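Computed from the coordinates by the stated procedures, all read-outs in this text should not be read as laboratory data. Given the structure is predicted, the values throughout are model-derived calculations rather than measurements. Every residue, glycine among them, receives a Cβ derived from its backbone with ideal geometry; neighbour counts consider all protein chains shown.
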Amino acid sequence: MQRAGGPCMRAPSFLSVASTSTGITSLLFTTLGAAAASWISLQFPFSMGFIAFIWLPSGLSLVAILWGGWRMLPALAFGMTLPMLPETPLALWPALLLLALLSAGHSGLIGTLFGRWRHRHWDRLDLGDLILALLTVGAITLTTALLSIAICVGSGLLPWGALTRAILPWWNADLLSLAVLPPLLIAWRGTPWPAGRRQQELALILAVTLASVLPVLNQPEPLAYHAFIYLHFITVIWMALRFGQREVALLCLLVQAGLLLGWGTQHQSFQQQMTDQLLLLTGAAMGQIVTVLVAALRARNQQLENLLASTEAQKRDQGAILSRALMLMPSGVAIIRASDGHIVDCNPRMCEMFGVERQAMLGRSSIELWLWDNPADRDTLVTTLDQPLAQEFWMRHSDGSRWRALVCASWLDLGGEAHYLAMISDIDRLVHAEATALHSERRIESALSAAGIGYVDLDFARNRASGNEAMARFFDYPVAGEHDISPIRTDWIDRIHPEDRQKIADAFCAMQAFRDIPRRSEFRIRDGDNWRWMVSTMEPIESTRDGRVLRWVGTYVDVSAQHQAVEQLQLAAHVLSHSSDAMVICDTRGNILQVNHAFERLTGMSRTQAIGASLARLSGPECHCETPPDNQAWEGERPFLTASGQLLACWQRQTPVTDALGETRHLFITLTDLTERRRAEARIRFLAEHDPLTGLINRAAFSERLEQALLQSQRDGSSNALMFIDLDNFKQVNDSLGHAAGDLLLREVAQRLRGVVRASDVIGRLGGDEFVVLLSRIPDPGDAAQVAEKILATLNEPFSLAGDEVQSPASIGVALSPQDGSDSDLLMRHADAAMYFVKTHGRHGWRFFAPTMQAEVIERREREQALRRAIETFDFELWYQTEHDIRTGSVIAIEALLRWRDEAGLLRPAADFIALADDIRLSTELTSWTLNAACGQARHWRDNGLIQCPVAVNLSPRQFADPALTEHIAKALSDNRLDAAWLEIEVPEASLVQDIVHTRRQFAALSALGVRVVVDHFGASAFDLLLLCQPPLVRLKFDRARLQHLLADGRAVPALAAFLCALGLPLTAKGVEHLDELPMLARLGLRHVQGIAVGEPLSAGAMTARLTASNDAHAKMTAISPPAS
């Protein structure tokens, strides 16, 4: 039974119960049984008047705890105390309960020890085990008796004087209980009752026992008791030999119960009772010991008899089996006597193998029978009998033939005499077959290796593997040797490609588990830095009946070349299908076998229509081009007919495709449509000869046409006219409106030129805004003059550029041939010189070339080059001239005047070179340098307290039209850390009226920057007076010549001055040379003057010295407020 929280304690085998309930019912019955045993024990006579003669609950506790486990302990203790509670004071109940727990507990402890022996059968216990068991039980019961007496004395149940005298009776009472009840349990759970006549024998034994017990009961004298003991031992031994433990136990129980009953009812003295109890206990113990020893002896004898009978039967069976086996064995077997070597017995196979009759073989030795080819081999065999080994020997048949045998022999003892058993197998044919098979296998392996096929033999049952050289190379094993790779290796799996590794590893694991796998697999294995494609084919050659495969053979074939071929075929098919060129595969007769999609698109023929057709017939019936040679490489241009009948120019490439023998099998042909190429070539030629913007021919093509025209004129004496055209305002348009507007203007100019000249005339664009026109075969120079007038007229008309209307007149130079030159370069230079002459003399016109122009052109080119060098080295200076207030004499501004110190050392004013700088597109560099220098000087004067007025910088019309003007001004101010209030910009009135929209845009940008503007040369043109109201204008300047012209009418100047003063714009008179003119200018309303009369132009150093040294009040600058935002 299972204890709560403890191990499972079971009773010994003879005490086990099939099914025991430990529930409430079992506890209740246990309690009642313990109470009944306690009450019965109390009915016996008491030793010393207070100790029971036998304490039955101890034996019952042993049975109950063996039966139901330690759960029964509380029920046992409670049941023991129930009969004694009514007569016991309440104060002693705890001691009474403690005694009951101790009594039941020590019985349970004894039962636990018996449970430790549950694996041993009682009839197999030896004397030592029995003595140990009795000593253990005695020690436990004695200890329990001592503790119990101590509790009784301590609680007052027993007096102190009874402490030593009560131990032995208490101990005897427990031992008697344990000696009575265990035999009862043995009898109840023992062997079955005997049957048949043995019942009569059992009855006789019982009768003898009763007859021996009755005298002891009637007269318990020592003599009768000893007679009973001897007679009782005889009956016990008799029953133990004839019957079993159960009968012996019942017999002992019967005797002991009778004796206890008899002695227990007699009223003897305490000493006599103690003596009788000891004698009875001794007799009972000896009876049990004898019972167990006899039973054990009987069981062992029976076992030996059974074993002997079984052995004899086995020997007889084995002899019959051995004899039968010898007769049926396929090998020859002989039993040979060791003393003389004579053959004692042999089987029929032995006689058959040597060709000797059995009778002739028996009683003779193998040497006498000439069975050995080499008699010394017999001695070799005898020396190995102690360690039997299978050995190969050459044997001899009775007819004299030799054959190979496998012999194995070992010692054999027959009837105490030494023999040996020899087993001989004919392996001659087997060895020959193995040699033949091995030779065949090696030939096959060599053939496979020569063919590059790997071979492997995997024996998983024996963990053996082998292969050939090809397999060793594939798996990177040593090539030399027999290629035995036993035991079966698994390191090759790591060399498998990661994408294939799991598949191959799973198959290999299945083979190791003797399971079937797919016969064919394909994988990649590492070969240096590359991957080798392998195909493995495995076949099982050894299997079990249940389908487990033990051995495999397989081959490995390198299919990397096939994979590459497939990839190349796929690539070729992809190229064939997706190529932009038409591709055709023909046979050697020129019949089409395959075409791609590009061929279908090119010819308009479907694949079905093209296959089977002749490629030569697709060239058209009247093809006069070169015919490609048969079955040879060729390329050339050929026409091809489309499905719609259109003739296409194609470039054909023909390549023969040969087989392994070099024979041509197919023709591979590519067809490239030349239509687009021709168009592209024409486009390239056009772009090479024409200007992509205007569509006019470029400089190179025009020079070529000019050369051709001049050669033609030399042959037929005709005249030609070359016009060099340059747009005067193109830079301004390009800078103000952007490059898109400039490109649109150039295209419009080209279109107008086409509308003026003849179709036979040539128009070209040299670059930028320069155009040339070649009038060929003109009868009279006047015709060139008329064309020049027409060109001027058409270019003087306004151009509408994306909503903006601009003017872009031209300057034209005309050179005639052969008058002005018969060479193209010379004629171009003369026309260019005539154009430059027009530009330097007012522009917007045309001129014929004259020899005098050449010197002027050369001089102008030299000036251009000198100016370019000056700008590269910045050989420029700024001179400064003050502008004064007439009323106060104070300086209101200092104008910066640009000067160029040329290579001769002369100081040239801006009027001499600014127009040239504008023409050669260098005005932007001058603007940047002038602004930076003026701002730097103004910063220097301001930091030294020399000025309180701004510095003015003059700009040309081209400089004012620059879209990047405000960026240059902002950079100059930023680089010199100068406020915009210290800078003024003077702009000629003509530059403001050229493009009103651009002027307003520039004014807005300058106003946002904080820079003020002064209008120079005011009144020189028709000015939009609305601009006078727009910031950042601060003053107007009149030239002296213009002022004198106005002074002719005394009313003009005062009226203009009054109008400008009403707008807040003072008027400044420039070029005042005499001081006596100042009063008159003041009366006319002019406030400011500038000229040598009040201050001549000075260099920066001189102006600095003057400002420093002057103490004149007019030299002190009045503060100028920054312009209003």
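General observations
- Principal axis extents of the Cα atoms in segment 504-648, from largest to smallest and rounded to whole angstrom, are 81, 34, 25.
- Model label zone, I920; criterion: amide N under 11 Å from point 7 Å along Cα-to-beta-carbon; scope segment 830-857: none
- Once the Kirkwood radius over Cα pairs is known for segment 436-563, the Stokes-Einstein relation at 25 °C and 0.890 mPa s delivers a diffusion coefficient of 163 µm²/s.
- Whole-Å distance, taken between Cα centres, linking segment 780-815 and segment 415-482: 108 Å
- Ordering of 77-87, 841-851 by packing [mean C-beta count within 10 Å, highest first]: 77-87, 841-851
- ³J(HN,Hα) computed for each position of segment 605-618 - Karplus, 6.51 cos²θ - 1.76 cosθ + 1.60, integer Hz, glycine/proline x: 9, 6, 4, 5, 5, 7, 5, x, 7, 8, 5, 5, 5, 6
- Taking amide hydrogens as placed 1.01 Å from N in the peptide plane, the amide H of G604 sits under 5 Å from those of A643, each at least 5 positions away in sequence or on another chain.
- Calculated FRET value between A1093 and D943, using beta carbons and R₀ = 22 Å, to 0.05: 0.15
- Within the same chain, lysines fewer than 8 places from K790 are excluded, and of the rest, those with a Cα less than 21 Å from its Cα are K839.
- Two-decimal ratio, segment 644-769, of alpha-carbon radius of gyration to 2.2 N^0.38 Å: 1.78
- Scaled radius of gyration (Cα, divided by 2.2 N^0.38 Å) that segment 696-758 gives: 1.48
- Of T436, T1104, the sequence from fewest to most neighbouring Cβ atoms within 10 angstrom is T436, T1104.
- Each peptide among 504-517, 758-771 gets the average number of other Cβ atoms lying within 10 Å of its residues, and from highest to lowest they stand as 758-771, 504-517.
- Net charge, R1012 excluded, C-beta distance under 15 Å - Lys, Arg +1, Asp, Glu -1: -4
- Net charge over other residues, Cβ less than 15 angstrom from the Cβ of S760 (K, R count +1; D, E count -1): +1
- Proximal charge balance of E877 [Cβ under 15 Å; K/R count +1, D/E count -1]: -2
- Residues with amide H under 5 Å from that of I485, placed H, sequence gap 5 or more: A465, S466, G467
- Applied to segment 361-372, the Karplus parametrisation 6.51 cos²θ - 1.76 cosθ + 1.60 on θ = phi - 60° returns per-residue 3J(HN,Hα) values of 7, 5, x, 10, 8, 5, 6, 5, 7, 6, 7, 8 Hz, with x for Gly and Pro.
- Here the peptides 815-824, 150-159 are ranked by packing, the mean other Cβ count within 10 Å, and the order with the highest first is 815-824, 150-159.
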